[in-house]
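Just so you know, all these numbers are worked out from the coordinates, no wet-lab data involved. Everything numeric in this text was worked out from a predicted model, so none of it was measured. No Cβ is skipped: glycine too gets one built from the backbone with ideal geometry, and neighbour counts run over all protein chains shown.
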Ligand SMILES: [Zn+2]
């Protein structure tokens, strides 16, 4: 039987927790019960999952505080810690219930759109879901409401009247990675473990979670089946203005070179490309997944180490306004993505905000061609795409031997500080 949404829908008769709504302005949709799902609607789909756990709980903070520029302000930061594997079966059962709520919201919204040409807001969905928590064994109101809110905002952002179903069957290609959101104060840290919905979860606590007050957050699964606890916390920015302004040149050969000599490499994918290719030819899917995760993790690790080191040593950070689009298209696309310039910029920006120091993107035109020592534009400097291979060059005006990227970073630093060499 297909998903029932007609007027003579048998489920319509089993009115769950609240009376039918007669007013026209209120949503006239079935309320959420477990029954409305156990009857047999088979989750449709077969396409890619609609919500990646990553996109919902990125390591980077979701909302930037507009007052960050000032000193001593409170910032929101997302901490992510791995949960021990013994909790995975429980988390999967919870995620299944979350999927039920999500799919209910999806169905309710589509029905409402068909009848009234109006979408349900997060508030409407919360009203529809009110009182449904007894129908679930594991998740509570906090999670149910958060799913409704998330659904409404995702739906709005997509511009569609229906999103993809969340699929709980792990054997399906369209399986949605597990995700269990919750509102502020629903999770707490007690006796060395995370307490949520009446259960304790042990974690590899790399942050010292006990020191933070928990806000909203989620439990999320990655493609390898590992689970993470992602929690928003408030941290106070501690302004630190010692050190020099630092310029950073972003590129492909190396992801970033800072004017104080720090470097961040960019070839994580290329380093194990041959291993991935071998695993793909052998149709060893799990290994391919693990290798991709390894690339991602090592890139992230290097970027975090680089950005933290730069921000700690700088009084201001200036980045060239390199067009990311240009670097991630055409023949350079693979190196462009491997360098992860966009995510590195994001990290630098929010770490500067936390540290209370200035972050700015400056015009990097001519930064590779001008000599950072004497400020001349000598004919010996690398020009255009043809000279991309030139790593070192000597200025014919002052005789300085330059490293191409370091020279560019020095120029960006002085451009950011306001005195561009002429
Ligand atoms: Zn020179």
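If R₀ is 41 angstrom, what is the calculated FRET efficiency for the pair residue 115 and residue 173, using the beta carbon separation as r and rounding to 0.05?
In this case the efficiency is close to 0.80.
How many angstrom lie between the C-alpha centres of the stretch 94-149 and the stretch 201-230?
The stretch 94-149 and the stretch 201-230 have Cα centres separated by 24 Å.
Among DSSP beta bridges whose residues both lie in the stretch 265-403, state the antiparallel percentage, nearest 5.
Roughly 40 percent of the beta bridges in the stretch 265-403 run antiparallel, per DSSP.
Given the Cα-Cα distance of residue 286 and residue 324 and 0.36 nm per residue of separation, how much length would full extension add, in nm?
Taking residue 286 through residue 324 to full extension adds about 10.6 nm, to one decimal.
Zone of residue 365 (label point 7 Å along Cα→Cβ, backbone N under 15 Å): which residues in the stretch 288-331?
From the stretch 288-331, the list is 321-323.
Extending each Cα 7 Å along its Cβ direction at residue 358 and residue 331, get the distance between those two points in nm, one decimal.
Distance between label points: 4.0 nm.
For the stretch 240-395, what are Rg and Dmax over the alpha carbons, in angstrom?
When restricted to the Cα atoms of the stretch 240-395, Rg and Dmax are 17.6, 57 Å.
Taking 51 Å as R0, compute the FRET efficiency from the Cβ-Cβ separation of residue 403 and residue 86 and round it to 0.05.
0.50
Calculate log10 I(q)/I(0) of the stretch 96-210 for q = 0.16, 0.23 Å⁻¹, where I(q) comes from the Debye formula with a single equal point scatterer on each Cα and nothing for solvent.
-0.82, -1.27
Once you have the Cα-Cα distance between residue 93 and residue 133, take 0.36 nm times their residue separation minus that, and quote the gain in nm to one decimal.
In short, 12.9 nm is gained.
Relative to the present Cα-Cα distance, how much length would full extension add between residue 270 and residue 374 at 0.36 nm per residue of separation?
Extra length from residue 270 to residue 374 when fully extended: 33.7 nm.
Which whole-angstrom value gives the distance between the alpha carbon centres of the stretch 305-359 and the stretch 264-286?
First find each Cα centre; the distance between them is then 25 Å.
Round to the nearest 0.05 the FRET efficiency obtained for residue 383 and residue 212 when R0 = 45 Å and r is the Cβ-Cβ distance.
Computed FRET efficiency for residue 383 and residue 212: 0.30.
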